[in-house]
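Every number here is computed from the coordinates shown, using simple stated rules; none is lab data. Not measured: the values here are computed from a predicted model. All Cβ positions, glycine included, derive from the backbone under ideal geometry; neighbour counts span all protein chains shown.
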């Protein structure tokens, strides 16, 4: 063996050790940073400073654009409070500061929450700076195309002027979504189990699932409006169709991918066919079922909004359509913000249920 080969071999054998030492040192430094109270306080300050800057911009940046600022009287608990859109905007920013400060202080005692809070600090700071820039471009100077891109204070004005009406439309959307998506989940999981377990059901139903499932749910709207008794039932039908395909397809895939060894072990222990389905096949298919529910949730929410725009007497989609007719685009953005919050909350609930159901995956799968 020549000298170059020996050197090359020594370098290769030493590199992983050097790399591992470097990675360990980096990880140790990061852990020490998260554990340091000074580091954590700096991250907490970074989190709220973006929103403080946004408040300063709203208060002290001169209002150059000609925008009408109205007073709105809000009554609660026998008290009447007069607010402008800027007052309401500053109140929202102050609430965000309070929420993130309390969240940070609560997270300080938990290592994982503390680490997560510190990681998200830069994003929250950028969010506050983004609101400040949006306020300048949409309200203070209005150099964004108007009325299509109003500022954040103008968007909040929609909640002051149409608060009760927006709540009525939110309730309508939630009723419609809950009825359609819950039925879609039940039907999708049930169909998927039947397709995945019984070969004859797979033979007759799976081709129908593949053909009808790829058709957008909104394409069935003319038939739904004609054949079903009212528009609410028609919209529920569209949401069911939308959710059914994704959930049924992935549930059947999960059932069919269950290892034969699991069935054989269960049979040795005296399991019946019912036990095999309930205690072997379905638990194995749970990750696929939740994947289907997650993807179906997004598509069902899109179908909900489209159905409300095209034929419903209420809902957030209806509110957007109504506001667009009057060129009230600040109300359109207000409805979009509510949709984002609602969809995120629904995703969070599904994620918590999934985490509890699949808690056996903790420490097994990569995060």
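Over the chain, with a Gaussian network built from C-alpha contacts below 10 Å, which listed residue (244, 326, 134) shows the highest mean-square fluctuation?
Taking springs between Cα atoms under 10 Å, the residue moving most is 326.
Computed FRET efficiency, Cβ-Cβ of residue 39 and residue 171, R0 41 Å: what is it to the nearest 0.05?
0.40
Calculated FRET efficiency, residue 70 and residue 336, Cβ-Cβ r, R0 22 Å, to nearest 0.05?
For R0 = 22 Å, the calculated efficiency reads 0.50.
What is the spin-label model distance, in nm, from residue 103 to residue 59 if the labels are put 7 Å beyond Cα along the C-beta direction?
2.3
Comparing 42, 342, 141, which has the greatest mean-square fluctuation in the GNM of the chain with Cα pairs linked when under 10 Å apart?
42
Find how much the distance from residue 210 to residue 148 grows on full extension, using 0.36 nm per residue of separation minus their present alpha carbon separation; answer in nm with one decimal.
18.2 nm
Can you give the relative contact order of the chain as a percent, counting alpha carbon pairs under 8 Å and 6+ residues apart?
With pairs under 8 Å counted, the relative contact order is 16 percent.
Is the shape of the chain best called rounded, prolate or oblate, per the rule: a/c under 1.5 gives rounded, else a/b larger than b/c gives prolate, else oblate, with a ≥ b ≥ c the square roots of the Cα gyration tensor eigenvalues?
The shape class here is oblate.
Please compute the modelled spin-label separation between residue 122 and residue 257, points set 7 Å along Cα→Cβ, answer in nm with one decimal.
Each label point is offset 7 Å from its Cα along the Cβ direction, giving 3.4 nm.
Return the FRET efficiency for the residue pair residue 133, residue 178: r is the Cβ-Cβ distance, R0 is 41 Å, and the value is rounded to the nearest 0.05.
E(calc), rounded to 0.05, equals 0.65.
Ranked highest first by the average count of other Cβ atoms within 10 Å around their residues, in what order do 226-237, 293-304, 195-206 fall?
The most tightly packed comes first, giving 293-304, 226-237, 195-206.
Hey, could you pull the Cα Rg and Dmax for the stretch 33-161, both in Å?
17.2, 50
Using the Cα atoms of the stretch 290-367 to build a convex hull, what is its mean projected area in square nanometres?
The orientation-averaged projected area of the Cα hull of the stretch 290-367 comes to 6.3 nm².
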